[in-house]
Each structure stands twice: as C-alpha cells, then as structure tokens.
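Worksheet for the structure shown next.
None of the figures in this text is laboratory data; all of them are computed from the coordinates on show. Since the model is a prediction, treat every value here as computed from it, not as a measurement. For neighbour counting, all protein chains shown are included, and Cβ atoms are generated from backbone atoms with ideal geometry for every residue, glycine included.
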Amino acid sequence: MVSRSPSRIRRRAIAALRMLAALVLAGGIYALVSPGAQANAPGSLSAAAEEGKALYNNYCITCHGNNAQGVEGRGPSLIGVGSAAVEFQVETGRMPATAQGAQIDRKPPQLNSDQARQLGQYIQELGGGPQVPFSGERSPTQGNIAHGGELFRINCSSCHAFSAGGGALSSGKFAPPLNESTDRQLYAAMLTGPQNMPVFGDNQLSPQDKFDVIAYVQNLNTDNDPGGWGLGRFGPTTEGVAIFLFGMVVLGFAALWIAGKS
Amino acid sequence: MSISNERFEFVRQGAKERDDVEIVHYELQYPLGSRQEKRVVRFVSGLFLLSGLASVVFVACYIWWPFTNFPAVTGWEYEPGNSWMKGYTPILGLTLGIALAAFGFAVLVWGKKLLPHEIVLQDRHDGASDPAERKLTGSTLQFMGEEMGLSRRPLLKVALLAPAGGLGLAAAALPIGMLMKDPHHPDVFLHTGWDPQANGGKFVHLVREDGETKIRPEDISIGGQITAFPGIPGGTTNKHADSPVLLIRLRQNDAEALRANIEKGYPINRGGMAGDLVAYSKICTHAGCPASLYEQQSNRLLCPCHQSQFLITDNARPIFGPATRRLPMLPIVVDEEGFLVATSDFNGIPVGPAFWEKPEA
Amino acid sequence: MKRRKFDMKQLPASTAGAIDDRYKVATPLRSLLNKVFPDHWTFLLGEIALFSFIILLLTGTFLALFFEPSSQEVTYQGSYVPLRDVHMSRAYETALNLSFDVRGGLIMRQMHHWAALLFMAAIVIHMARVFFTGAFRKPRELNWILGLTMFWLGFLEGFAGYSLPDDALSGTGLRIASAIVLSIPVVGSWLLTSLFDGEFPGEIILERFYILHVFLLPLLLLALVTVHVGLVIVQKHTQWAGPGRTNHNVVGERWFPRYIIKQGGFFMLVFALIALMGGLFQINPIWLFGPYEAAVVSAGSQPDWYVMFLDGSSRLMPAWEIRAFGYTVPPLFWPTIVLPGLLTVLPMFYPFFEARLRKDKAAHNLLDRPRDVPDRTGLGAAGIAFYLVLAFSGGNDIIADKFYISLNAMTWAGRIGLLVLPPLAYYVTRRICLGLQQHDRQVLAHGVETGIIRLLPDGRFVEIHQPLAQPDGHGHAELPYVGAPVPKKMNRLGALGPAIKGFFVPIEEPAPKEKKAEITKEKEPV
C-alpha cells in the first residue's frame, strides 16, 4: 500500500472541493446570465403565463392538446401563433370554440380581457409569435383616416365590404362585420390573419399603416350618415327593397284611398 | 256663390247634346252650408296652412341650418360622428315632404269630399272609320301616288335608289366612322403594363399602390397577399386597368402542390413562381372585376361580383361559378437588388374577360 | 280723349274672347274639360312613373349645373376629410362637392336617385297591371310596345346615370358592362373599343354617358311618353266591367274638375314621398365607396335593383364556354345579351300571339279580371317567379352572409329554383284562378253567405244564403257571370260600393233614438 500522508489526502480533498466550487460557480454564472429556456421548460413561466396555463388546461387543452401541440382533426398547434392571435380569438369570444363548422363566429366572450391576455402570454412564452405592440385597447397614436381609407379599399373592402359590414366567402365562410371591434382586435386580426383572412405582416402594413386603417374603420363605425338613415349600408339591395316595401306600398295605399276599388 | 241648378242643367244638357257626355248621377256629399261641410273646409284650410308653414320652415332651414362652418376660412370641415350638420339633409327632406304632402292631401280631400260625387257616361266612338271615309282617304292616297307618277316613270324609281342608298350610307358612315376604333392595331388585349418591350426592354418592377415602393419577397408573410402594380408611369391608374396582380406567399406544402400542378397540367406557367411567391392577374376572366377575396387556408380566390372561385394551388383554375378560364400567372423573379420583377407579359395570355377572337391559351 | 274704363269683372270673358278669336278654342276646350275618365286605383300606377319622370327632370337639371363628367385626375381638397388628398376623377370630385359643399346638393342627389328607383318600380308594377288585366289587347298593342320600350330606355338611362359619378361601385358595374359588350360574337371587341375609344376604361366614356343621360335618352323618353299618354287620351282608358259599362262607353268622372284634382293631388303625394325618402333615407353614399380604381372592389357589390336581375342571371349561369374553329363564345353572352334580348322581343309580340291563340280579333275596352284568364295569369305569375329568382340571386352574397347560408348553396338554389319555380307558379296560380272562378259562379247561383246558421227540425244545420236573384224551388238562381266582381259579403250588396263606411275599421253609427225606444218596448214583459 502506498503511503498516504495526511497532507496528500487533504490536498486531494481540497482539490475536489475546488472542482466542486468551480463547477457550482460556472453553472451558477451560466444559469444567471443565460436567457430563459424556450419550449418544454415548465419551470420558467412568468406569473401571467402561469395563470394562462391554468386557463389553458381548463378551456383549451381538449382541442389544442398538451403544450399547445394541437390535436389532429380538432384544433391546430398554437406553437408560434403569438399572443396577438390568442388575444384576438379569446377577446372576441371566438375561442373557446363551441362547435366545429365552416367558420367560427364572434360571440359574447367566455373569458374576460385579463384572462385573454394571460392566455396570450402563456402561448407567447410557449412558442413565440407576433404580439400587439401596445398595451391598451385603443391605438396609441391617431392614424390618418384618408390614408387608412385608401389602404382599406385596396386590402380590406373586397371581403369586409365598403361599409365594413362584412361579406360572404365561399362555402359558408364569411368575413365578419367590424362594427364591434376594438382597435386592439383590429390590429391583432391584421397582424395574425385569423382563419381565412390573409396575414398583413409589419413588412407589408407597417404599424403606422395599421393605425391608419384602424382610424378609418373606427370612423366608419362612429360616423353618422349625412343623408339620413343608412339602410344598413348594404348598397342597392336594401335601396331596392325600400322602394318597394315602403315607396310603392305607401303610394298603393294612397291610390286606393284616392280612387277606390271597383 | 253656391251651386246654381240652372247653370248645371244648361251645362248638362249641352254636354249631352254636343259632347256625347251624359251626367247620370250628380250628388253633393254634404248639404250646402252644413256642419260637416264646414268641418271639411276647415280641415282642408288647415292642411293648406300647414303646407305653407312647412315650406317656410324648409326655406329657413335651407338658408340657416348649420351646414357651413362659418368661422372656418377655407371651407367647412366635415365633422365625423353626431353633429347638427348631419341633420341638414333630413330636416330639408322632412319639411319639404310635409309641405308637399299636406298640399296634396288638402287638394285630394277637397276633390273627394267637397266636390259633388258624379257618374258620367261618354261614348267611345271607337272602332274603324266610316267605310265611305276610308274609301275616300284610300283613293286620295292612291291618287297622290298617281300624281307623283313614280310607277309610270321607272327611270325615276331606279334613280331614287341612288340617293337613298348613298345618303343613308353617308348618314351611317359619319357616326360609325367617327366612333369606330380597331382593337387589334395596336392590340389592346394582348399587352398590359407589364410588357417589357414597352419598358425599354427592361423587366417591370412590381410596386405597391403608391406607385413607387418596390416590393421585396420579405414584405409578404406566409398566408399573406398584396396587390401589385407595374412600376411604370401611371401604372397604378386606370390607364392600366388590366394590369393589377395579386401577389401571394403560399405555405410550403401548398407551393409544392402548385409546382406539381404546373408540371402536370399547365407547363406554360413553368418558372413563374419566385420561391413560394406566386402572382396572378387580379382581373377576373369572367367579367373583369378584381378577384380579390383570397382565402388563405383553403387557397381559393373568390370574385365578389358573380362568385367565381379560382384554386390558387392549381394555376388559378376556376372551380365554381361562371368563370371558365384560369387567371393568367404573371411570371416573377427576384432581381439583383432583391426586388420582384415580371419577366413576361403574362406569357402572352390575354388578361380579363374573353372575346370572340381570343387566341387559344 | 275719353279713357276706356278697365272693367275687372269682364276680364276673364274678354281674355277668353280674345283667345277664341284667334284660335277657335271653345269647342275643343270644352270637350277636353268634359272628357270622361274611368276611376280605379290601379289606373294611377302608370301615373306614378310619369310624376317620377317629371321630378327626375327637375332634380336632374339642378345636378347638371354642378356636375362635370370629366375623367381628368384631380386631388380632392373638399370638406369630406376621409377623402382628403385622395386622387380621383373630376367627375367623382364634383359629385362629392354636390354632396358636401353645395347647399341642398345632397338632398337633390338623393331625391334624383330615389325618383329613378321609383320610376322603374312604377313602370314594372304598371306593366304587370296592364298584362294581368289584358289592357294590351287590340286596339292598344302599340301602347304596350311603347311601354316596353320605355322600360328598357329607363333601364339604360338609370345605368348611365348612376355610372356618371365614377365611384367604385358603379365603376365595377361599368367594367362588367364592358365585358358584356366584349362577349358579343364577331363584333364584341370592336364595339368595346369603339364605345370606350380604346381599351377599358379610356377617358371619354363618362362624357358619352353624360350626353346620353342628360340629352338623348330624356328626349327619347319624353317623346315616347307623350305618344303613350296621347294614345291613352285619344283611345280613352280601358275600364273594368260593371253596372252601366259596355265595350263602347266610358263610365267615370269628368276630367275637370274631379279627375285632374285627383291627378294633381297624387302628383303632390308622389313628390312628397320622394322628398321624404330623399331626406330621410340615405341612398348611393358614393363617399363610402371611394373613387373607381381597377384593383378595388367591395364585397356585396350590386347594381341598382332594376339591373339586379341581370347580375343574378350572370351569377347563376354555369361555366359553359363554347369554343369552336378558334372562336370563343364566353358564358357571359347568354345571361346578359341573349336573355334580355328575348325578354324584350317576346313580350312585344305577346298581344299578337295571344290574339292568334285565342282567335280573338275583336277590340277590347273592358278589362279582364285576372281570374277569368287563368292561362295568362299563370304565365304572368311564372314570369314574375322567374324574374324574382334572378333578382334575389343578384343579391345572393348578401343573403348568404346575413342569413348564414353557404354562398355556393345559394348559387345552386338559384339555378334549381329558376327551373322549378316558374312552372310551379304557373300551375298553382292557374288552380287558384279556376277556384276563384268557380266560387264566383257558386255565389251567383246560391247567393251570398250570411253567416246565419239555422237548425232544421230534422236536425240538420244549414247556412242561410241571400240570393242575388229570384231563386227557383231548390235555391238556385240563373244569373250569368258578366265579368264584374260578384258581391261575396252582405255589406257589398248594391251597385255603388260598400254600404258601410270606413277603410280599416267600420265606422258604425248608433241607431237613431226612436228606433231604440221601439226595441225596448217590445222587450217589456207583458
């Protein structure tokens, strides 16, 4: 047996301790400075996202699966859709969806605005994606209505109609009316392209462009018609109905009163 | 002055004898001077007064109701939302309507209630003319023919054809000649704003609706679409109404499907895509409306005018509705500066609705 | 010099004398004043069209003083902020100026447009009335043809008119119209470039439409309407069968004073309705559509209602293109050129066709009750069903959107409905007419149902009928049907109309006092 003097054992022990200390230091420094882990790191969610996760497991997991991976035939994966999409769908009541169909319609929302934001935060931290760049419900800057109108007419009115009253798409789908939408919802919809709506990314419509469109749409929603009752702003169909159901009926009764029957 | 029986009898008798008009029933609705008659007279007068009043209010509103923002110097600013100015047209309509309606009702009540109720007969004297008259007129016309002597002057008859045809031709030639315009020299159907020949031999850039901003592939997100115009002077105006295209970025598997379909069924579109980007003419091949309702998940392009639907992932082939021909694809490529340019004028396929002599695509 | 005394009292007489000395007006004036017009509410429908036309001329003149039909591109600097600095044509700009910067401009625009819709609606209803009552028969075939011509002239006039402001909605319609012209075989492409002076849209089309809309078509319409109304005056209006009415007389009222008051008053009411609608109901808000650009379109784009049936026929047409020997006939040709062509020409020949079918060469001045001609009425109902399916299909995307129906399903429903509903309408209408005819004859034979039920000694319940003539032992009368309405209720007996006053609710007057006393006396116990 090799002689082990007490100093050698102590030296080995100290070396081992120094190694351990170095490892702990290195690991600790790394843990301190490295960015938070991406997907599949359940321990690193923020408080809001934790709330969102609880909500998710209650309302969304049935169709969108564990960790938002998606379920075949029921709901798509939400990895990468971003908080904007989630906020839009939940705040407008479209999600949680009550039934599968050609299109999911706006309804009174099941979850309130705070809960929607929490869900959004959860999905954002899970997989990233586009976010609404402002925190309030209203746009931070007033857009240019006239420029917004030009953008609206070339990009939006083909589906949503000149009055923003909505329009039919093929086979039971439709572009919904915009009269109930908040600025935030309009922004989120343009940014994320819900269901069959095209995606209008920031490279195509800059945030200021989007604010301009929002200003135009809200002007449409709040402006009173200068020519009297707008008849729903449907255009010539309701005008035609009005001339028969109102005009000709009134004149028919007038004629009956004037000249009588046989 | 009340209704005079004497005068009535005179009128009635004369109408019967001279005009063939027989008044068989003539009855005052209310006895002259009765309470009911006075009530109706008051009612009619009231309506006339209302009409006059409403007309005055109409004129006053027309002049003084807020329509122009007087303090403004350059003109009035339209106030969105609710304002007094929004009521200008409705108040004018209401007051004018009441004025006219009251007047109309007053006149009608006067006619219906205050005038005596009558039943009058008149003979129609319809049917053909008296045979003797017919014969005389017929003979007069025939004699006129004899007087003119056309039938016994065959030379004249033939000679008349010349100015008839000639002047007729002249009358038709002038408007037709002035209006007529040849569609094929220069051909308006086979050339759009994307023609490199008209651009000095250079490929035309795709630009946005401002006419200036060139488009890079990164500008469009997956599932996004943008309307693009030719980057030539006036390219975004109606001077080049046949040129707008819809630039779409497809999802990867959809782009693969489109490439497969090009190879399989429509090789003229080969090489037209720039990566996952594809550009189709926006002008519907049915009646020319912009087919712009792009459904990014089903990849259908719906035209709102007559509901033609085109499948983007199969060369914009029509799958529903009255359209019969695909939307022409604009072949695009990314140039050295990173902007999108069109390499050909829709491969020579005419854009928009079809016509009789349309070349086979 | 003696001053001649100016006698006010004699002024009317001396004026009339002066006029008569020169123009010999006494007799023709009196025959005009005494002319008899038959009286029925259905005879006022054509007048709605006439009055609307006059209002169109008046409001249109005002608009023409401010509108400029120029395609020149300008930048908007007017009052409507949402279009500030937008590029548009001068035509669109002047239309916006009328709406926002000219006092009364917007109400004039709206009155003009509502009057146009009312004009066409009244023509259609009037045309239907004339058809269903057989007023197109000899001697009035020419008037029928003139009326149909005026419908199509009005159609063109309206189309040209609403295309003038060069907004996105009417511009899209103009684009479709250019495609329709293009689809005509052989000459289509030449017609297009000739009309537009080049390819669509060119720079001159608005000015050409303007001359058409403010000069050529109104002139033509004015001329035709004068002939149309003139013929009615000369031939005298038709009338319903009834007491005292024959095929060779007119029973009614003298033109002056009663009938002219009715017409004048009605004109005021039509004018009032248009003023009310023009002010209270917004129509054609061009500022919301934006200027016409080839790349811009709105969901739910339709033409005005009287053109909508052609939009419907275009939407329902299947994708059938004919291609032979290198030439193409596009599917747009059939629903927009052939169909309206047939709908123009075939009805014009209908009076002669029906006369030949029924071997009827006589002149008719008495109107048919629709139930008495079930084949014609059924045919008319089938025509209306056909038209309505097309018109509703013109708005099928709005119906699909608002009623949650699949758009594709709406198209198929229209295609099938177009083939199935007209024959169904013909059959059902014909059966209803025959049923009504049978009921008329039943009442003539058995009398009016009084609603009083009597229990006979042998236990039977019978309803008491009021016979219309002396019945035989079995309760049957021998009254022939003469084409006049048969009274079906007790309060309709008598030749001069309802005995009970009141339109919606009967105005009942209490029994006079003496009668009341008698009744109570009888009831007193003995």
Open item on the list: Counting just the Cα atoms, what span does chain A cover along each of its three principal axes? Round to the nearest Å and put the largest first.
Closed with: 137, 39, 28
Open item on the list: Every cysteine in chain B with no other Cys Cβ under 4.7 Å from its Cβ, please list them in numeric order.
Closed with: B:C61
- [ ] Compute the signed sum of charges (Lys and Arg +1, Asp and Glu -1) over the other residues within less than 14 Å, Cβ to Cβ, of B:L179.
- [x] -1
Open item on the list: What does the net charge come to around A:I61 if you take all other residues with beta carbon closer than 14 Å to its beta carbon, with K and R at +1 and D and E at -1?
Closed with: +2
Open item on the list: Could you check the spin-label model distance between A:E50 and A:I14? Points 7 Å from the Cα along Cα→Cβ, value in nm.
Closed with: 4.4 nm
Task: Sparsely packed GluC sites (Glu not before Pro) within region A:120-186, loop by DSSP, other Cβ within 10 Å at most 15 - done: A:E137, A:E180
Task: Separation between Cα centres of region B:296-361 and region C:89-109, rounded to whole Å - done: 38 Å
Task: Scattering profile of chain B at q = 0.13 Å⁻¹ [log10 I(q)/I(0), Debye over alpha-carbon scatterers] - done: -1.02
Open item on the list: With a cap of 13 neighbouring Cβ atoms within 10 Å, and only residues DSSP puts in a loop, list the GluC sites (Glu not before Pro) found in region B:184-284.
Closed with: B:E212
Task: In region C:17-101, the chymotrypsin sites (Phe, Trp or Tyr not before Pro) that fall in loop regions by DSSP, at most 16 other Cβ within 10 Å - done: C:F66
Task: Sorted by Cβ neighbour density within 10 Å, fewest at the top, the residues A:W257, C:W144, C:W305 - done: A:W257, C:W144, C:W305
Task: Using distinct alpha-carbon pairs, which all enter the 1/r mean, Kirkwood radius of region B:255-361 in Å - done: 14.1 Å
TODO: Over region A:45-127, consider all pairs of different Cα atoms and compute the Kirkwood hydrodynamic radius from their mean reciprocal separation; express it in Å, one decimal.
DONE: 12.4 Å
Task: Label point distance in nm, C:R323-C:A16, each placed 7 Å from Cα along Cα→Cβ - done: 7.9 nm
Task: In nm, spacing of pseudo-spin labels at C:A409 and A:E180 (7 Å Cα→C-beta vector) - done: 2.2 nm
Open item on the list: So the label point goes 7 Å from the Cα of B:E336 along Cα→C-beta, right? Which residues of region B:196-240 then have their backbone N under 14 Å from it?
Closed with: B:203
- [ ] Round to a whole angstrom and tell me the spacing of the C-alpha centers of region A:137-214 and region A:232-262.
- [x] 37 Å
Open item on the list: Between 0 and 90 degrees, rounded to the nearest ten: what's the tilt of helix A:6-33 against the longest Cα principal axis of chain A?
Closed with: 10 degrees
Open item on the list: Within a 10 angstrom radius of the beta carbon, how do B:C305, A:C63 rank from fewest other beta carbons to most?
Closed with: A:C63, B:C305
TODO: Compute the long axis of helix C:374-394 from its Cα atoms, compare it with the longest principal axis of the Cα atoms of chain C, and write down the angle in degrees, 0 to 90, nearest 10.
DONE: 30 degrees
- [ ] Sorted from largest down, give the three principal axis spans of the alpha carbons of region B:15-149, whole angstrom values.
- [x] 81, 62, 20
Open item on the list: For a quick check: sort B:D242, B:D335, C:D7 by the number of other beta carbons within 10 angstrom, fewest at the front.
Closed with: C:D7, B:D335, B:D242
Task: Cα-based radius of gyration of chain C once divided by 2.2 N^0.38 Å, which approximates compact folds - done: 1.25
Task: Degrees separating the helix A:249-259 axis from the principal Cα axis of chain A, which is the longest one - done: 10 degrees
TODO: Can you figure out the FRET efficiency of A:Q110 with B:N82, using R₀ = 41 Å and their beta-carbon distance, to the nearest 0.05?
DONE: 0.75
Task: Förster radius 30 Å - calculated FRET efficiency between C:E508 and C:D360, Cβ distance, rounded to 0.05 - done: 0.05
TODO: Over every pair of different alpha-carbon atoms in region C:343-484, take the mean of 1/r and invert it; report that Kirkwood radius in Å.
DONE: 19.5 Å
- [ ] Please work out the FRET efficiency for the pair B:A173 and B:Q13, using the Cβ-Cβ distance as r and a Förster radius of 45 Å; give the result to the nearest 0.05.
- [x] 0.10
- [ ] Just list whichever of A:K210/B:K214; C:K236/C:K361; B:K202/B:K358; B:K16/B:K135; B:K16/C:K236; B:K282/B:K358 have alpha carbons separated by over 23 Å in the model shown.
- [x] B:K202/B:K358; B:K16/B:K135
Open item on the list: On the Cα set of the protein assembly as shown, report Rg and Dmax in Å, please.
Closed with: 38.6, 174
TODO: Jot down the radius of gyration and Dmax of region B:108-216, Cα atoms only, both in angstrom.
DONE: 35.1, 91
Open item on the list: Could you derive backbone 3J(HN,Hα) for region C:301-312 from the dihedral phi with the Karplus parameters 6.51, -1.76 and 1.60 (θ = phi - 60°), listing whole Hz in sequence and x where the residue is Gly or Pro?
Closed with: 9, 9, x, 4, 4, 6, 9, 4, 5, 6, 4, x
Task: Local electrostatic count at B:F10 - Lys and Arg +1, Asp and Glu -1, tallied over other residues with Cβ under 13 Å - done: +2
